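Undergrad: My questions will all concern the structure given below.
The values are calculated or read from the model by the stated rules, or taken from the named source; none is laboratory data. Worth saying up front: this structure is predicted, and the values here are computed from it rather than measured. Neighbour counts run over all protein chains shown; Cβ positions are idealised from the backbone, glycine included.
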């Protein structure tokens, strides 16, 4: 498994992340997107007309991406670092696919063309009470789902 239980729970609780791709002339592009964490720990990004977007074209040319899901920790004293940021950065290899079950399901905003991220490096912070400062680890592509 790529993600810890705490990381997986956090990802399931969130709805929006930011995808960073590399575009023409090696310029960065960042876009906010909805996402779905799959059972095999890949991440699907979708939306309307995805195949017509610059991010889709970027992934087809330069498949190395980063995806960040983050928010602010609640101001509850029982939380890790109340009022600070918390989240996960996922660096990996992306591919473009056409699927029958896109993120967003039956929404008219859900198109069948998606971007799927295969994690290769995971960085998390302020999520796990047992490791409040976070963790950074590489994911072996030979053993990752």
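Undergrad: Among the numbered criteria (1) closer than 27 Å to residue 1 by Cβ; (2) out of contact with any strand residue (DSSP E or B) (no Cβ under 6 Å at 6 or more places or on another chain); (3) free of Cβ contacts under 8 Å to residues at least 60 places away in the same chain; (4) not in a strand (DSSP E or B), which single criterion is violated by residue 76?
TA: The number of the failed condition is (1).
Undergrad: Of the numbered conditions (1) at pLDDT below 95; (2) within 21 Å of residue 104 (Cα to Cα), residue 81 fails exactly one; give the number of that condition.
TA: Going through (1) at pLDDT below 95; (2) within 21 Å of residue 104 (Cα to Cα) one by one, residue 81 breaks only (2).
Undergrad: Given the criteria farther than 20 Å from residue 103 by Cα and surrounded by 15 or more Cβ atoms within 10 Å (Cβ to Cβ), does residue 87 qualify?
TA: Details: farther than 20 Å from residue 103 by Cα: yes; surrounded by 15 or more Cβ atoms within 10 Å (Cβ to Cβ): yes.
So residue 87 fits the description; yes.
Undergrad: Right, another one. Hey, among the residues in the range 30-58 that are more than 19 Å from residue 119 (Cβ to Cβ) and touching a helix residue (DSSP H, G or I) at 6+ places or on another chain (Cβ under 6 Å), which one's surrounded by the most Cβ atoms within 10 Å (Cβ to Cβ)?
TA: Across the range 30-58, the extreme among qualifying residues is 50.
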